[in-house]
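Bear in mind these aren't lab numbers, they're just calculated from the coordinates by the rules spelled out. Please read all numbers here as calculations on a predicted model, not as lab measurements. Using ideal geometry, Cβ is built from the backbone for each residue, glycine included, and neighbour counts are taken over all protein chains shown.
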Amino acid sequence: MSDHQLHLEGAEFLKAENAGLFEPKGSVSMGICAERSTKHNQDLLRQIPYYQDWRAAANGIKDYAIGNLDKLLVEFERNITARGAVVHWAKDAEEANRIVLDIAQENNVKTVVKAKSMVSEEMELNHTFESAGIRAVETDLGEYLVQLAKQRPTHIVTPALHLSAEDVGKLFSEKLDEPYTAEHQALTDIARRHLREEFINADMGMSGCNFGIADTGSFVVVENEGNAGLSTATPPIHVALMGIEKVIPSIQYLPQFLNLLARSGTGQKLTTYTHLFHGATPGKKLHIVILDNGRTNVLADPKARMGLFCIRCGACLNACPVYRRVGGWAYGWVYPGPIGSIITPHLVGMDKAAKLPFASSLCGACSEVCPVKIDIPHQLVHLRHRAVNERSPMNLLSERIIWRAWSWMFQGPKRYGLAMTAVKLGVRMARFLPWHPDKLGAWTRGRELPQVPGRGSFRKWWRQEGKNLKPAKKD
Amino acid sequence: MTQPNASPRPTWDYPKYEPGDTVALFIPCYIDQFFPEIGEATAKLLTRYGVPLAYPEEQTCCGQPAFNSGYWEEARGVIHQFCDAFESYKWIVSPSGSCTAMCRVFFEHVDPDERIVGIGQRVFELTEFLVNILGVTDTGARFPEKVTMHSGCHGRRELGIFEQPLTLLQNIRDIDYRELPNIEECCGFGGTFSVKMPGTSLAMGKTKVENIVKTGADVVTSIDISCLMHVGGILRRDKATRHIQCKHISELLVQE
């Protein structure tokens, strides 16, 4: 069992008694950052004249792609293989790890430089490399910081969102033996100096994949720092990791997707660099590992299909009032925030991640900003329905009994009246109780209970007065 | 106010109301029992516009608590109870955005039966009914207080209800309307979310309260008293904010 999954089972903020509030340290408040970037990014999106049409189109293209993965992935493989790439298919993280490790060991690799890849986090590839005695260095600045600090990313686009410049200064002085500074340019220079060494000496480079393009047999990696370019071009071997859902049918749709991704993700019109890989560079090797790792579980649930439309822009994280307060770690696995709550249960299993769909007030801010129009709150309630019916920690007999009783009581106005009278009595009595159990205590921990009116119900008023109300004469 | 997120609010093709059509009141369970004055204000307001009212006594609840908790089978029975009660009415009006969203949007998830979906789609939220269907934008009410408005997420994001209550509110005589900063952010109630994840729910509620305090308002209003049950609970916990009252918008609109 990987430590990711162990962490998931203990996902702290999901425990009712745990406030789990994210207390940002240093000068930068994570919640404020996320809030600010939502505002900025949404303004930028509005500058596309046909933004809504683009979103709808992106949703439609993804729908087509996910419905035709069998054809598109094979087309992608055929076209890119024709230009010297080697495509590997991995059913799960274990198989993907073995494939990557085999490539590294066959080529006698000592050091790997890695551009950002969430799939790599999913596979816990660094762990695999470490066990095999291979040095793996994250080169995306955020990932680099998180790796140095021996932490996990808190965000899928900005992994070190939780670290302030002061934190980074301390980290560099501790781990890299550099004099302390919190000055941004100086910090960047330090990272750059250390990372340049790594690029030059690496035996293998790795990247993720933002889009696989079936008709041209190409794939795209976007970035802002230049590290992905160096990771993939400098070493003699490039291994790219790609989830099966990344494929789009044609390169003609790429401009729209690049726009939507950059504007929603980092608030740029386009990312600084957009790398298109069409095949192996002469004299070098290109491997692509296409990974399922639970994604076909999403396909098996027709109502959940939209979960695979995600282009990993992170907009829903930034927009989410829950994520803004608890941060990424609270979600327990690689994909935090609203998107994590709808895909993690499929990827790691409902038995481990059933609590995630409940980590939401269902406010819907996420789907309002999603550039591919995933109906996240509707997915969440669907998964809640599954969670209480499947083998999962949320499938509790005690809760089932309560809701059964509730349902019975609320299927007759008399029974309902009795139940509500009891509730009102309970609320009245609650103030005299020295201690409030369970859900009552959860409410009263920071809130007063509603005041019970000193009069009868609306129903009663209607019988006595309301039904006699005369509609005013229309002039 | 423009929508801060780039997604537009949903819009609907509203049916035409013929004068004399009876409107059935759907008074959600917590309003019936804990806030009967809201039901009363709703009834009085509608009769002012010549709307004949009915209150089907078989009604109980829209099923939302069970639905949001994942217990759709248990919700289904209650939804059927609702539909049996309201079957014979062409118009159903409710003083709650959230419960209206449950009926109009989510009944279909639980039971895609045509009859059930059809009845759900006949449910309208009060301010939506006044503005979009009756064409009322000024109720002639007078309310000389400092008021801010909280906009519930379900009503706004599922049904597109935002401008309607705002327009009605701003047209009240002598009202001192104060816009709530960050009005689009969730208050953290979320039904069972408020007790399943009380820490996070409270943290969100406290941000909402801070924003309410910033406006200097003495009254917070909303089309959803459920959000305000949570927000009001936080307001009343603290001496410094205890004076701020929570009122459903119908209570303001009915003032003469």
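A convex hull fitted around the alpha carbon atoms of the range A:334-475 yields 218 Å³ per residue.
Take the convex hull of the alpha carbons in the range A:259-335; its mean projected area over all directions comes to 7.9 nm². Overall shape of the protein assembly as shown was characterised from the C-alpha gyration tensor. The equivalent ellipsoid obtained from it has semi-axes of 51, 26, 24 Å, in decreasing order. Here the range B:196-256 yields Rg over Rh of 0.99, to two decimals, using C-alpha coordinates and the Kirkwood radius.
Relative to the dominant Cα principal axis of chain A, helix A:337-348 is inclined by about 70°. One equal scatterer on each Cα of the range A:45-179, no solvent, Debye formula: the resulting log10 I(q)/I(0) at q = 0.12, 0.19, 0.22 Å⁻¹ is -0.73, -1.15, -1.26. Counting Cβ atoms of other protein chains within 10 Å of each residue's Cβ and taking the mean over peptide B:72-82 gives 5. Treating each Cα of the range A:403-475 as an identical point scatterer and summing with the Debye formula, the log10 of I(q)/I(0) at q = 0.16 Å⁻¹ comes to -0.78. Across the cross-link table entries A:Lys71/A:Lys116; A:Lys170/A:Lys355; A:Lys460/B:Lys196; A:Lys62/A:Lys303, which are compared at the Cα atoms, the separations over 25 Å belong to A:Lys71/A:Lys116; A:Lys170/A:Lys355; A:Lys460/B:Lys196.
Candidates B:Ile212, B:His248, B:Ile223 compared by Cα position along the dipole of the range B:179-256: farthest toward the positive end lies B:Ile212, with charges placed on Cβ. Here the contact order of chain A, divided by its residue count and restricted to Cα pairs under 8 Å and six or more residues apart, works out to 20 percent. The relative contact order of chain B comes to 20 percent, based on Cα pairs under 8 Å that sit 6 or more residues apart.
Can you give the FRET efficiency to the nearest 0.05 for A:Leu276 and A:Arg196, using r as the Cβ-Cβ distance and R₀ = 41 Å? For A:Leu276 and A:Arg196, the calculated efficiency is 0.95. The trypsin sites (Lys or Arg not before Pro) of the range A:372-420 that DSSP puts in a loop, and whose beta carbon has at most 12 other beta carbons within 10 Å, are A:Arg391. Applying the criteria of a DSSP loop state and at most 13 other Cβ atoms within 10 Å to the trypsin sites (Lys or Arg not before Pro) of the range A:110-142 yields A:Lys110. When you restrict to C-alpha pairs under 8 Å that are six or more residues apart and normalise by the size of the range A:221-355, the relative contact order lands at 25 percent. Given a Förster distance of 22 Å, report the FRET efficiency between B:Glu58 and A:Lys460 from their Cβ-Cβ distance, rounded to the nearest 0.05. That pair, B:Glu58 with A:Lys460, gives E of 0.90. Among A:Thr271, B:Thr148, the order by Cβ neighbours within 10 angstrom, fewest to most, reads A:Thr271, B:Thr148.
Any lysines with Cα under 28 Å of the A:Lys467 Cα? List them, leaving off those in the same chain fewer than 8 positions away. Leaving aside lysines fewer than 8 places away in the same chain, those within reach of A:Lys467 are A:Lys414, A:Lys424, B:Lys16, B:Lys44, B:Lys90, B:Lys247.
Of all lysines in the structure, the ones whose alpha carbon falls short of 16 Å from that of A:Lys269, not counting any fewer than 8 places away in one chain, are A:Lys39. With a 10 Å cut-off around each Cβ of A:365-374, the average count of Cβ atoms from other chains is 3. Remark: the range A:52-107 projects, on average over all directions, an area of 5.6 nm² (convex hull of Cα atoms). In summary, the range B:117-256 shows an alpha-carbon radius of gyration equal to 1.05 times the 2.2 N^0.38 Å reference for compact globular proteins. The charge dipole of the protein assembly as shown, taken about the Cα centre with unit charges on the Cβ atoms of Lys, Arg (+1) and Asp, Glu (-1), comes to about 1700 debye, rounded to the nearest 20. Here the convex hull built on the C-alpha positions of the range B:1-158 has a volume of 142 cubic angstrom per residue. For the range A:124-205, the equivalent ellipsoid built from the Cα gyration tensor has semi-axes of 22, 16, 11 Å, listed from largest to smallest.
In the protein assembly as shown, helices alone account for a calculated mean residue ellipticity at 222 nm of -13500 deg cm²/dmol, with every DSSP H run of four or more residues adding -39,500 (n - 2.57).
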